[in-house]
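What follows is a single structure, written as structure tokens, with notes after it.
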Amino acid sequence: MDRKYTPAEIEAKWQRVWEEKGTFRVAEDPDRKKYYLLEMFPYPSGRIHIGHVRNYTIGDVVARYKRMKGFNVLHPMGWDAFGMPAENAAIERGIHPSVWTHDNIDNMKRQLKRMGFSYDWDRELATCEPEYYKWEQLFFLWMHEKGLAYKKDATVNWCPKCETVLANEQVEAGLCWRCNAEVDERYLSQWFFKITAYVEELLEYCDRLPGWPERVLTMQKNWIGKSHGCEVSFPMADAPGEIKVFTTRQDTLYGATFMLVAAEHPLVLELARGKQCEAGVRAFVEKIKKQDKKMRTSEYYEKEGVFLESHCLNPLTNRKMPIYAANFVLADYGTGCVMAVPTHDQRDFEFAKKFDLPLIVVIQPPNRALNVRTMTEAYTEEGVLVNSGPFDGQENLKALEAIADHLEKLGRGRKTVQYRLRDWGISRQRYWGAPIPMVTCETCGTVPVPQEDLPVILPQDVALTGEGGSPLAAHRAFVETTCPRCQRPARRETDTMDTFVESSWYFNRFCSAHHDVKPGLDRAKVDYWLPVDQYIGGIEHAILHLLYARFYTKMLRDFGVLGVDEPFKNLLTQGMVCKETTRCAEHGYLFPEECQAGKCTRCGCEIAVGKTEKMSKSLKNVVDPDYLIKAYGADTARVFCLFAAPPEKDLEWSDQGVDGSFRFLARTWRIVMDYLDEIRDVAPFAGDRELDGELKNLRRKTHQTIRKVSSDIEDRFHFNTAISAVMELVNALYQFPRPAVEDKLALAVVREAVEAVVLLLAPIVPHVTEELWELLGRTGSLADAPWPAFDPTVASEEEITIVIQINGKVRSRIAVPADEEEAQIMVLARADEKIARQIEGKAIVKEVYVPKRLVNIVVAG
């Protein structure tokens, strides 16, 4: 049959069929095993990018594969629709954020449908809709009632341009991550979620998530930051009061010679007030506030400080210790104050040398004697305590407990546990977010909105200027209300919630997306679908989003809404999509379409090709998925995104790779078309008779490919090697001698191989395979076809002989299938009668396997 591969026509056809038939609409079915596949939902920025295409293609392959394996698959999509970009864009364009957001949703939804993703669009949600955030407000009220949501004054990062609070992670090199404005610090009244109430469970369950990457779990554990140590009190020497310090190194306390305080700590200005140093201290504090917090704590960053003209006392030696404000101490870790032991901490050592502060050795190494006059760096290893009073001569680590007990007896300290994790500040001084359902009354104070009055709807008639704080504060109709308790005039809260709140529970809402009965989640449906079996997203969300989602799950569990402890059973963090940059001397960075034959299309100048970097609009090294789909088709885009690299690795863009992906699909199409007339009415070979020669080889290759692709998708998500295996089978079909029309046996074997190609590619390239399935005479959607099974006997290669040596001498030989796994070969080698007799009772030092040739067992004695 001579018909060309026309992706535009084929893809439009099958997308229409899937939509008309509701192919991917799903409902709970207690008789079937469920599988909940979810990619992190996108912010509706206006257009999907190649990173989206890769992320969602990975998820779609798994969803379609699991469906073919017989699972009841939930694969939803929605929109993380609140946030500053919409508000900023609305200000720039003079349109309402709602209009901008919904226009973007419409466009991105169109793009996603063009990719053929198997979403159940009936469950679509947008977090900016009252039907969604109504329940979020209800959860807030529940949390407030239990003390899990509270308001307090706090030092916050403030962007004067965006006029909102920023999380520490949103401040980069002292600048706002969105607008690059210089960030200030302010003391504001803020709403917080008490995530620290769950700190131990969040930490403990990190060890109960075997399906998560170890890298992500380590990042979560480090962010929680549990430390065992002591809280030590240092009395002030020249004023009333004391300074409390948390330390895990009380073994070095006798060597503490000065005190360091974070520049942002209120104590700094308090101690400097009225002294000659006050002006200099204030200038220092303002300078340090502008420094990047991560950089400040780096070992390579210059140590800066200023003397506060104050002293405290070492609680064990009673020695006076000068107090300094320092740039490398952070206010939000521990108490914000650090006892400095310069001989045994490198940063303290550098600071002491810079400011000529005293050094006292309290830990001596086992093989040499330290001398403060000749030390060039701090000694940070283990050793024996010296100059440490009654603890002299003890090993420093073994003395930790005894020194802690000693501090407690003196009333100068206590054993304690500290965490790096702080409560989650959710207040944002912006308009485009979920309103916080609280009012302030002069008589009653802060009062929750009654549950029956929810949702507190975000008003649409708001003037957005980008200036003057939250526009809600100037909206009288919204702000002015009545106190629910005393019925006197009151004011609504004008802060909105951090958009991380919406993304902390959306995966629950997908289970019953349109449930409108309190609490917005149908418990039976939630219990059926949760937890999410496979969650997919970028490593950049490894800390905040995932930690907040875990907290929210545990919180809703404790309110009886959920029945799971953790939201995501398995997690895949896919790599970035990267592409080389191009620059023109006159026009700077160029988009790919602005480069032709090595020249800038705007001026004709030669272009410079730069290094390969993550695709970004600022670098203009982006590829428009719409262009890709128009030029090659969605299936080609899917193949390239999967074939170019394993999902957890970065993908480097290659125009040649895209061309190669298209050629593979066209080649697959041709081989089916070449055989179509002969095999359309021939049943696939059923294995009911012996084969030999080329027929046996082709059938073996077919079953080996099924085994390989099944393993690569099921066990590792290594779609690149799965595709490579199918390519080999397609090559085998091309190389197979063309059978005669009357040779029905040979045509049956070909039919089995062709159908295997189509079925194995179905999750990867669903459009072209649906078309081929139909052309082969199959009825029903390929999406509902069962995944092919392989026959292990057929898939096995011929046997090979493995030589077995003991200490390099040949002692036996065994016959094994040529494709046998190494681990099984080692088991068979040790179990061989001759070998087992000779190694009995001997210690095996090591085992060496030379693939397909020999095993050498090295034994002692």
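Residues of the range 15-45 that are touching a Gly at 6+ places or on another chain (Cβ under 7 Å), crowded, with 20+ Cβ neighbours inside 10 Å and not in a loop (DSSP other than H, G, I, E, B): Leu37, Glu39.
Residues that are farther than 19 Å from Asp80 by Cβ and either aliphatic (A, V, I, L, M) or part of a loop (DSSP other than H, G, I, E, B) (or both) within the range 91-114 comprise Ile91, Gly94, Ile95, listed in sequence order.
The residue that is modelled with the highest pLDDT, counting only those in the range 53-97 that are surrounded by fewer than 21 Cβ atoms within 10 Å (Cβ to Cβ) and polar (S, T, N, Q), is Asn72.
Remark: pairs (first residue in the range 631-658, without any contact (Cβ under 8 Å) to a residue 60 or more places away in the chain; second residue in a helix (DSSP H, G or I) and not aromatic (Phe, Trp, Tyr); Cβ separation under 6 Å; 6+ apart in sequence or on different chains) = Phe640/Gly657; Phe640/Val658; Phe640/Ser661. Suppose the filter is of a type in the set (Asp, Glu), more than 28 Å from the chain's Cα centre (by Cα), surrounded by fewer than 21 Cβ atoms within 10 Å (Cβ to Cβ) and outside any loop (DSSP other than H, G, I, E, B); does Glu131 pass it? In short, no. Considering each of Leu271, Leu260, Leu330, Leu253 in turn, give the residue that is closer than 25 Å to Leu407 by Cβ, among the hydrophobic types (A, V, I, L, M, F, W, C) and open to solvent by 30 Å² or more (accessible area, probe 1.4 Å). The conditions single out Leu330.
In the range 286-296, the condition of being among the aliphatic types (A, V, I, L, M) and in contact with a strand residue (DSSP E or B) (Cβ under 7 Å, 6 or more places away or on another chain) is met by no residue. In the range 329-344, how many residues are over 36 Å from the mean Cα position of the chain (by Cα), among the β-branched types (Val, Ile, Thr) and farther than 18 Å from Gly413 by Cα? Residues that pass the stated criteria total 1. Among the residues of the range 479-498, those that are open to solvent by 10 Å² or more (accessible area, probe 1.4 Å) and closer than 22 Å to Ala463 by Cβ comprise Glu480, Thr481, Arg491, Arg492, Glu493, Thr494, Asp495. From the residues in the range 576-605 that are among the β-branched types (Val, Ile, Thr) and under 30 Å from Glu540 (Cβ atoms), which one is nearest to the chain's Cα centre (by Cα)? Out of the qualifying residues, it is Val577. Taking each residue of the range 835-859 that is closer than 19 Å to Pro817 by Cα and looking for partners that are open to solvent by 70 Å² or more (accessible area, probe 1.4 Å) and in a helix (DSSP H, G or I) with beta-carbon atoms closer than 7 Å, six or more apart or interchain, yields Tyr849/Glu822. One residue stands out in the range 644-666 among those that are open to solvent by 80 Å² or more (accessible area, probe 1.4 Å) and assigned to a helix (DSSP H, G or I): the one that is nearest to Gln735 (Cα to Cα), namely Arg663. Restricting the search to strands (runs of 3 or more DSSP E) fully inside the range 388-460 and requiring at least 2 residues that are at pLDDT 95 or above and touching a helix residue (DSSP H, G or I) at 6+ places or on another chain (Cβ under 8 Å) gives 413-418. Quick check: is even one residue across the range 749-768 open to solvent by 50 Å² or more (accessible area, probe 1.4 Å) and touching a Leu at 6+ places or on another chain (Cβ under 9 Å)? Within the range 749-768, none of the residues are open to solvent by 50 Å² or more (accessible area, probe 1.4 Å) and touching a Leu at 6+ places or on another chain (Cβ under 9 Å). Contact map, the range 181-192: residues that are within 14 Å of Lys287 (Cβ to Cβ) and in a strand (DSSP E or B) paired with residues that are at pLDDT 85 or above and open to solvent by less than 40 Å² (accessible area, probe 1.4 Å), Cβ distance under 7 Å, separation 6+ or inter-chain. Pairs shown: Glu185/Glu264.
Restricted to the range 693-777, the set of helices (runs of 4 or more DSSP H) holding at least 2 residues that are without any contact (Cβ under 8 Å) to a residue 40 or more places away in the chain and over 22 Å from Leu651 (Cα atoms) comprises 693-711, 719-735, 766-775.
The values are calculated or read from the model by the stated rules, or taken from the named source; none is laboratory data. Predicted model only: the values in this text are computed from it and were never measured. Every residue, glycine as well, gets a Cβ built from its backbone with ideal geometry; the counts of neighbours run over all protein chains shown. Heavy atoms of the whole protein, side chains included, go into the accessibility calculation; ligands, DNA and RNA do not. Shrake-Rupley method; radii C 1.70, N 1.55, O 1.52, S 1.80 Å.
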